[in-house]
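To keep things clear, I will list the structure first and then write my remarks on it.
The values are calculated or read from the model by the stated rules, or taken from the named source; none is laboratory data. It should be emphasised that the depicted structure is a prediction, and the values quoted were computed from it without experimental measurement. Please note: Cβ atoms are built from the backbone with ideal geometry, for glycine as well, and neighbour counts cover all protein chains shown. For accessibility, only protein heavy atoms count, side chains too; no ligands or nucleic acids. Shrake-Rupley method; radii C 1.70, N 1.55, O 1.52, S 1.80 Å.
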Amino acid sequence: MSFSSEVKRELCKVHVKMKELEKAEAYGLLLFCRKFASDEICFRTESGSSAQRFSQLTAVTTGAIVEIRKTLTARKSSDALYTVLIPSKDDCEHVFSYFGHDVTQPSLRINMGNIEFEPCAAAFLRGAFLVCGSITDPQTEYRLEFNTVHKILSEDLCRVIRETTELAGGKAASVKIANRRGAFVVYLKDSEDIADLLTLMGAGGASMNVMQVKIEKSLENSLNRKINSQIANADKSASASAKQVRAIQKLADCGVLNTLSPELQAAARLRLDHHVASLKELVELSDVPISRSGLNHRLAKLVELAGGISDE
């Protein structure tokens, strides 16, 4: 089962106690379904739980007779497509006008009178998501979206999402619209906005899942940065050590090393005895107290002196 299907299953388990919330969710289900008009109301889904919720809330809220048809798909015998419809045109007309719509409207818009309060808006968004929403598995990508063929309706939905999330949490969700193959996609990509919206709609479990994945990714990225930094530092230390060893050997081959100060000779012996040791480790291995900066200065002096000697 996909993550999106799991979210819808969780949303379908939300118990609605108030008539106003039932009406608001039913409105979201109907307004964003495949066809919502005065002469036809139809919804198709592969989610049996979504089909049942659509049917029950529509019937309870409007009194219309709702029919569910189940069709097996060719992919797998266990897969099914559910078509939920109101077969009576009189009932369709009644439902359409019940929510404040009429045939003279040039295009579908959200009738804000059906979702005047924040809990109603949350229920409305839950209904809309159940019929036209989807969410990507957070392990792959953060993306929650609603799809509709109506441009103005998509703009209205953006406004409802922004206003409702701002009222609920003090920060409006960052929501945008994209055109995809003739349809309008209202989408969110910020993980916190997605988690907040899921909580608002009633999918608290899915919301926690999104945030848990975010925490795990953050920890993994932090660990990777730390490992990469350690590798880079180790490479840098190894390169510096090899350069110092070559310089000391050059000074020794030319007979210059024995003429240097006791401090430089001690630093040279320390490095030759411990080729791969870090500067910190060399300081700890030194027989005489010396700081890291002091030892680093002496090793750099050895490299400088070797650089002044001709290779011929």
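Of note:
- Per-pair calculated FRET efficiency, R0 = 45 Å: Lys171 and Glu281 via Cβ, rounded to 0.05: 0.35
- Coil-residue trypsin sites (Lys or Arg not before Pro) of the range 185-230, DSSP, other Cβ within 10 Å capped at 16: Lys189
- Cα shape, the range 5-133, gyration tensor, a/c 1.5 rule: oblate
- Value of D in µm² per second that Stokes-Einstein yields for the range 231-312, Kirkwood Rh from Cα pairs, at 20 °C (1.002 mPa s): 167
- Candidate values [x] 34.3, 109; [y] 20.3, 60; [z] 20.9, 68, label of the one derived for Rg and Dmax of the Cα atoms in Å: [x]
- Between Ala183 and Leu219, the C-beta separation translates, for a Förster distance of 35 Å, into a calculated FRET efficiency of about 0.40.
- Net charge of neighbours whose Cβ lies under 11 Å from the Cβ of Ile86, counting Lys and Arg as +1 and Asp and Glu as -1: -4
- Structure-based [θ]222 nm, the chain - -39500 (n - 2.57) summed over DSSP H runs of at least 4, per residue, nearest 500: -19000 deg cm²/dmol
- Euclidean distance of C-alpha centroids, the range 1-70 and the range 250-296, integer Å: 78
- Comparing mean-square fluctuations of Ser50, Ser237, Ser207 from a GNM of the chain with C-alpha springs under 10 Å, the top value falls on Ser237.
- For the chain, the fraction of 1.4 Å probe accessible surface lying on carbon and sulfur atoms is 50 percent.
- Rounded FRET efficiency, nearest 0.05, which uses the C-beta distance separating Gln212 from Ile152 and R0 of 41 Å: 0.65
- Phi angles of the range 201-217 translate, via the Karplus equation with coefficients 6.51, -1.76, 1.60 and θ = phi - 60°, into HN-Hα couplings of 6, x, 9, x, x, 5, 4, 5, 4, 4, 5, 5, 4, 4, 5, 4, 5 Hz per residue; Gly and Pro are given as x.
- A cut-off of 5 Å between modelled amide H atoms, ignoring neighbours fewer than 5 places along the same chain, links His150 with Phe184.
- Peptides 104-113, 144-153 ranked from most to least packed, by the mean per-residue count of other Cβ atoms within 10 Å: 144-153, 104-113.
- For the range 119-195: rounded, prolate or oblate by the Cα gyration tensor [a/c cutoff 1.5]: oblate
- Taking all protein chains together and a 1.4 Å probe, the residues Ile161, Ile68 rank Ile68, Ile161 from largest to smallest accessible area.
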